[in-house]
Amino acid sequence: RAPRLRVIGRGGVGLENIDVEAAHARGVTVVYTPAAATDAVADLTVGMLINLERRLFEVDGLVRVGKFAHGRSLHRGRELSTLTLGIVGLGRIGRSVARRMHRGFGTTILYNDIVSPGLLDFMATPVSKEELYARSDYVSLHVPLNDETRHLVDVSSLAAFKPGSGLINTSRGGVVDTDAMLRALNDGQLSGAALDVFDSEPPLVDSPLLSCQKVLLTAHIGARTIGGLRRMNEVVDDVVRVLRGERPAFAI
């Protein structure tokens, strides 16, 4: 219906809302900003991990209702240097998370990716998904949403998680089977989860996620820093380049 369409610009890294194959078949260029939100999402991921480990969101609620002593005795967290973090997807964001956690806090890093990340400037060990799930105190997801990754974390994969481990998802909501995750939280297989993304955004008003006290929820804010938004808006520059017949910086 758009015979004059020449370029589609995506301010962000996810492409699940663009039919790239159809665009290419019609000679339409797709440009995006793959590196725009790397630091912003990595920062949020680290913050979520610390929040889960120290149960900050729970303690905050207790202090506000006068239960200071209970909040103080609620949970004894572990130092980050004693933890193992498993990263599924060691692309730009996954690497940035791993670098922050290992070089900043001394956390042991395991990773799994279908593509070799090449030479790394921090220590990390490649393992199978099964080994990563079994050994990690926290699992952080940094994969695109596609047919291969939809419900990557499901009943069977959660059963392989280290008992009492935590899950962090700042990638796409569809990567996690929400019902399976909630069951794992309820039965103690998972001690907690932090989600910035959801299958339905915003979550449905009757979603059991909203009443689960073991889940930290944010409003898909991973990329929403001043710098992150500025860099995503730079997709306009590539749109203009295409319309001028110039080579774009980031084309699919």
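The values are calculated or read from the model by the stated rules, or taken from the named source; none is laboratory data. Every value quoted in this text rests on a predicted model; they were computed, and no experiment measured them. As a convention, Cβ positions derive from the backbone with ideal geometry for all residues, glycine included, and neighbour counts pool all protein chains shown. Quick note on the areas: whole protein, heavy atoms, side chains included, nothing else; ligands and nucleic acids left out. Shrake-Rupley method; radii C 1.70, N 1.55, O 1.52, S 1.80 Å.
Points to keep in mind about this one:
- Per residue of the chain, the DSSP helices (runs of n ≥ 4 H) give a summed -39500 (n - 2.57) that works out to -10000 deg cm²/dmol at 222 nm.
- Gyration tensor (alpha-carbon) shape descriptor, region 121-234, a/c threshold 1.5: oblate
- Surface calculation, 1.4 Å probe, protein heavy atoms: Tyr32 sits at approximately 40 Å² accessible.
- GNM on the chain, alpha-carbon springs under 10 angstrom: the most fluctuating residue among Asp179, Asp199, Asp237 is Asp237.
- Loop sites in region 1-49: trypsin sites (Lys or Arg not before Pro), DSSP, at most 14 other Cβ within 10 Å: Arg1, Arg4, Arg6, Arg26
- Here Lys162 is the anchor, and the aspartates and glutamates within straight C-alpha reach of less than 12 Å, apart from those fewer than 8 places off in the same chain, are Glu130, Glu131, Asp137.
- Placing a label point 7 Å from the Cα of Val236 along the Cα-to-Cβ direction, no residue of region 1-45 has its backbone N under 11 Å from that point.
- Cβ-Cβ distance of Asp43 and Thr125, R₀ of 30 Å, FRET efficiency by 1/(1 + (r/R0)^6): the value works out to about 0.80.
- Extension gain for Ala134-Ala160 works out to 8.8 nm (0.36 nm per residue, less the C-alpha to C-alpha distance).
- Over region 109-165, relative contact order from alpha-carbon pairs under 8 Å, at least 6 apart, %: 36 percent
- Check: the chain dipole with +1 on Lys, Arg Cβ and -1 on Asp, Glu Cβ, in debye: 700 debye
- Distance between modelled label sites at Ser81 and Arg6, nm, 7 Å Cα→Cβ extension: 5.8 nm
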